[in-house]
Amino acid sequence: MENRILIIGDGLLGEAGEAAFRCSEMLLCAEPNRPMQFSINAPVLLSISQLFSRASSDIIGKKAGRIVLGLGIDDLKRERGDGSLVAAHYRELVEELLKKTQSGLFLVTVPRDMLPESDGQVDLLNDSIRGLVDLDPERVNVFDWEKHVEDFKEKQEERGKFGRSLFSEDAKPSSLCITLLSMFLEDCILKELKKKRSYHESV
């Protein structure tokens, strides 16, 4: 269904999927007259490879017009930081969704601060995620949360000792981080919806 938005995420969206639920509420508040349905699977407890094996029921069967994937951080922890292995599983999932659905896919990158000991593996995964756009530039988009976090941190550093951290000492997202991520996702989704609407009005 064109108006259904499926959000699937692991710990990237909060321990209880808070960012996904808050984003859906913010979208409804911002666009109360827009026909929108939400299906949220967060926090998903499956690995990306397990999601792939269950894609027909857990993702494809939802018949969503748009699918937001906020995955990767939990898999990096499971695979002891092997970014190339996680990237391979991620690519396999995206290829399956492109093959079996007509949905637009929106991939959320992972902030380095969520796995500070990763030794570049988060960057490797994010580079792979950004590269998945090449599979189908019309249907695959990236919501670059990692870059947004870095931009926010730079602005916070200008405040000196008054700046606030987005992540706790054990690399978990703070309440501020959840709020910022919710706003970021809302903004990205609204921009995509408006772009789609402008396209339909012009043809």
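The values are calculated or read from the model by the stated rules, or taken from the named source; none is laboratory data. Keep in mind that this is a model prediction, so the values were computed, not measured. Backbone-built Cβ (ideal geometry, glycine too); neighbour counts: all protein chains shown.
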Problem set entry | Wholly enclosed helices (runs of 4 or more DSSP H) of the range 58-166 bearing at least 3 residues surrounded by fewer than 19 Cβ atoms within 10 Å (Cβ to Cβ) | 83-100, 121-131, 145-157
Exercise. Any chance the range 18-37 includes a residue that's among the hydroxyl-bearing types (S, T, Y), in a helix (DSSP H, G or I) and out of contact with any Ser or Thr (no Cβ under 6 Å at 6 or more places or on another chain)?
Worked result: yes
Exercise. Is there a residue in the range 173-189 that is at pLDDT below 95, among the charged types (D, E, K, R) and on the phi < 0 side of the Ramachandran plot?
Worked result: no
Problem set entry | Selection status of F167, aromatic (F, W, Y) and touching a helix residue (DSSP H, G or I) at 6+ places or on another chain (Cβ under 6 Å) | yes
Exercise. Just wondering, is there one or more residues in the range 78-91 that are within 16 Å of the chain's Cα centre (by Cα) and either polar (S, T, N, Q) or within 27 Å of L176 (Cβ to Cβ) (or both)?
Worked result: yes
Seminar exercise, completed: Checked the range 127-181 for anything under 27 Å from K99 (Cα atoms) and of a type in the set (S, T, N, Q); matches are S128, N141
Exercise. Does F152 satisfy the criteria of being under 13 Å from the mean Cα position of the chain (by Cα) and in contact (Cβ under 8 Å) with a residue 12 or more places away in the chain?
Worked result: no
Exercise. Would you pick out the residues in the range 38-55 that are part of a helix (DSSP H, G or I) and in contact with an Asp or Glu (Cβ under 9 Å, 6 or more places away or on another chain)?
Worked result: I48, S49, L51, F52, A55
Exercise. Across the range 31-52, what is the total count of residues that are exposed (fewer than 13 other Cβ atoms within 10 Å of the Cβ) and not charged (D, E, K, R)?
Worked result: 4
